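The structure is given below, and queries will be raised subsequently.
The values are calculated or read from the model by the stated rules, or taken from the named source; none is laboratory data. Worth saying up front: this structure is predicted, and the values here are computed from it rather than measured. Glycine gets a Cβ as well: all are built from the backbone with ideal geometry, and neighbour counts include every protein chain shown.
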Amino acid sequence: MTFYVLGIPNKTPELSKEQEALIANTKVFSGGERHYRLVKELLPEAHEWISISGGMNAVYAAYKEQNTPIVVFASGNPLFYGISNTLQKKFPQAKIYSYPAFSAIQVLANATNTNSNELVTVSVHGRTWEALDKAIIAQLPLIGVLTDGHKNPKTIAERLLHYGYDNYEITIGEDLGGSQECIQRLTLAEATTKEFYKLNCILLHKITHRHIPFGIPDQSFKGLDGRPNMITKLPIRLTTLHLLEIERTKVFWDIGFCTGAVSIEAKLRNPSLAVVAFEKRTVCEEIIETNQKRFGVPGITKLMGDFFTQEVEVLPMPDAVFIGGHGGKLEELLNKIDQLVASGTRMVINAVQEQSYRTFKKVSATLGWQLEEEMTMVLNMHNPIRLLKAIKP
């Protein structure tokens, strides 16, 4: 299979001699409906058009039926969150030749005379919030965002404000290069009150830096009513994250999250981290969400209810696990974790009770886990806490 992918602006493109010759000698073309409207008059009279709309499986099937090269039209740079990347993944043996135009983010940056040296672009177009959450938690100075109909300038501004990131302003470029082109810079609050043309992209400009301390004071977290000590204390929390090697972790499970303090500090230290937090006390769901908003930490997956009733097998498997609670079922929990995770997974427990300490050491050894760290910490007048770290061989 051979694909020629032509990036075009949001208007009828001015083709090079090479591209004109390519089109003149091609019979099968593809792209979105908007692309077809822009290039239809440039195509040979006898041509076939494979429309990219709806599910991609039908498009892939149509491509496979062809025994001739296909010219695919795309917006901007097809290797920038574009169709060329998709084709490479779907047809790894295909020959793909890409001809880029400016991406929408580049057009917006140039139109606003924005210095792009520090520009980092993410896409939420048909994707989760993950990449944008990572950029915001890291408080990058200039973020370009490719949007879609649901994750648009208004909802993006609402999300940033929901998590306390009012230290950004937003530039919205609507229908860039088209008849409805409009470029405006707004506060996030202003952006939440407006509706925007469906074709748009944005720039987020950090105006000031939002300070979030390295090690959040315990009293700053919302906690369980009447139980202020039900939180992993700051020195224990930071030592736990050190033992988990959280900055090189990809997927982290926090079992028994309570206030969410460990999950929140973990995500702040490593914005790329995928966090799955488990808790059986339903009241804790509102508590962790309050703390997430308070400290600017979106993107934590929360699973409420007994850990043993969760369909954990469908979750991304962790390379680091913190046991913050076990409901008296520590042995069963350790066996369950051992059955799920891969070699090299790190597991840490903060044992207050002697029984938890002995059970962790005995069961992890029986399972063949290597006990790598064991330390005792005493804070003020509290009982000693044993921190234990084991690694699956």
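So if I check each of Gly177, Gly173, Gly126, which one is over 15 Å from the mean Cα position of the chain (by Cα) and on the phi > 0 side of the Ramachandran plot?
Unique residue meeting the criteria: Gly177.
Here's a follow-up. Is it true that Val276 is out of contact with any helix residue (DSSP H, G or I) (no Cβ under 8 Å at 6 or more places or on another chain), buried (at least 17 other Cβ atoms within 10 Å of the Cβ) and closer than 27 Å to Gln139 by Cβ?
Taking the combined requirement at face value, the residue satisfies it.
Still on this structure, please answer the following. For the structure I just gave you, tell me whether Gly173 is more than 24 Å from Thr290 (Cα to Cα), surrounded by 13 or more Cβ atoms within 10 Å (Cβ to Cβ), assigned by TED's automatic domain parsing to the domain that holds Asn110 and modelled with pLDDT under 95.
Taking the combined requirement at face value, the residue does not satisfy it.
For (1) over 25 Å from the mean Cα position of the chain (by Cα); (2) modelled with pLDDT under 95, each residue gets a yes or a no:
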site	(1), (2)
Leu188	no, no
Ile207	no, no
Pro213	no, yes
Ser220	yes, no
Met230	yes, yes
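While we're here: Regarding Arg346, is this residue assigned by TED's automatic domain parsing to the domain that holds His242, more than 23 Å from Ala261 (Cα to Cα) and basic (Lys, Arg)? Full working, then the answer.
Numbers: assigned by TED's automatic domain parsing to the domain that holds His242: yes; more than 23 Å from Ala261 (Cα to Cα): no; basic (Lys, Arg): yes.
Taking the combined requirement at face value, the residue does not satisfy it.
Could you check region 180-258 for strands (runs of 3 or more DSSP E) lying wholly inside it with 1 or more residues that are free of Cβ contacts under 8 Å to residues at least 12 places away in the same chain and not assigned by TED's automatic domain parsing to the domain that holds Asn350? Working first, answer last.
Numbers: elements: 182-187, 200-206, 251-255.
Answer list for region 180-258: none.
Collect the residues in region 280-295 that are hydroxyl-bearing (Ser, Thr, Tyr) and touching a strand residue (DSSP E or B) at 6+ places or on another chain (Cβ under 7 Å), keeping them in residue-number order.
Across region 280-295, the qualifying residue is only Thr282.
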